[in-house]
Ligand SMILES: [Zn+2]
């Protein structure tokens, strides 16, 4: 289809669920692509095995423990939390730990951690699935089409969206709560300068305002973070102060102009 539409389509990453046929097809067409496992489907599949987890621990398992593994910034960071995960749960739910290890750490479906993909990259295919719902509603009217009929329909869909004028944002947009948090953290006392426009936030995270990146897990997950937003706020104030017109100068220059 990309050839037909003269589009150079060579994705570096493909997010999908644990479907071997999709994986094989993707790797056959794009041998250099990286297959990412959709985090939403990791949780969904884990929930199917919830009977292996004691009732009182199920909520924490899905809301905290697995999420903490997902939000890791490197393989070492992941190993640290994996050890805590196993040590604290092995006595109560050994078969779930065994399932989790084999299915989500040792199989082809292990790339569901935040550090598996570039900063701010989609970690689920949920948005794609909601887009699929609009295709069913607006284009195929919930009728099942054969593969060739659907390819024909897909070209109509692509043509429609290419002239629709919708803007797809290429950079992540901070939420209002992240902006609010950034403002509340905007104090130079929180930041220690390392070199030009690069700071340590409370000796924890290295935030580079020049290249706009941060070593924290939030930056890795969504492509921005409250540390960068706080620095943005601080530099905005600093630049306003530096560029503020000096009160006496306008008067003097006026006098100088009159004398001339
Ligand atoms: Zn950060």
Out of 103, 196, 232, a Gaussian network model of the chain with alpha-carbon springs under 10 Å gives the largest mean-square fluctuation to 196
Of all DSSP beta bridges having both residues in the chain, the percent classed as antiparallel (nearest 5) is 70 percent
The helix 226-242 Cα axis meets the longest alpha-carbon principal axis of the chain at an angle in degrees, between 0 and 90 and rounded to 10, of 20 degrees
Note on segment 31-180: contact order normalised by length, alpha-carbon pairs under 8 Å, 6 or more apart, percent, works out to 30 percent
The helix 75-89 Cα axis meets the longest alpha-carbon principal axis of the chain at an angle in degrees, between 0 and 90 and rounded to 10, of 60 degrees
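Would you work out the relative contact order for the chain, in percent, from Cα pairs under 8 angstrom that are 6 or more residues apart?
Details: 244 pairs, mean separation 44.1, N = 260.
About 17 percent, as a whole number.
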To the nearest 10 degrees, the tilt of helix 247-259 (Cα long axis) against the first principal axis of the alpha carbons of the chain is 50 degrees
By the mean-Cβ-within-10 Å protection proxy, highest first, 158-165, 104-111 rank as 104-111, 158-165
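Please order 1, 37 by the number of other Cβ within 10 Å, starting at the fewest. List each step's numbers first, then the result.
On the way: 1 10, 37 25.
The order, fewest Cβ neighbours first, is 1, 37.
So for 33, 207, fewest C-beta neighbours within 10 Å to most, what's the order? Each step should come with its number before you reach the end.
Values: 33 14, 207 24.
So the ranking, lowest neighbour count to highest, is 33, 207.
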Rounded to the nearest 500, the 222 nm mean residue ellipticity computed for the chain from DSSP H runs (n ≥ 4, each -39500 (n - 2.57)) alone is -15000 deg cm²/dmol
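So what is the relative contact order of segment 13-116, in percent, for Cα pairs below 8 Å that sit 6 or more residues apart? Please report the intermediate quantities before stating the final value.
Values: 84 pairs, mean separation 35.0, N = 104.
Relative contact order here is 34 percent.
Read-outs throughout are calculated quantities, based only on the coordinates presented, and are distinct from any laboratory measurement. Because the structure is predicted, anything quoted here is derived from the model rather than measured. All Cβ positions, glycine included, derive from the backbone under ideal geometry; neighbour counts span all protein chains shown.
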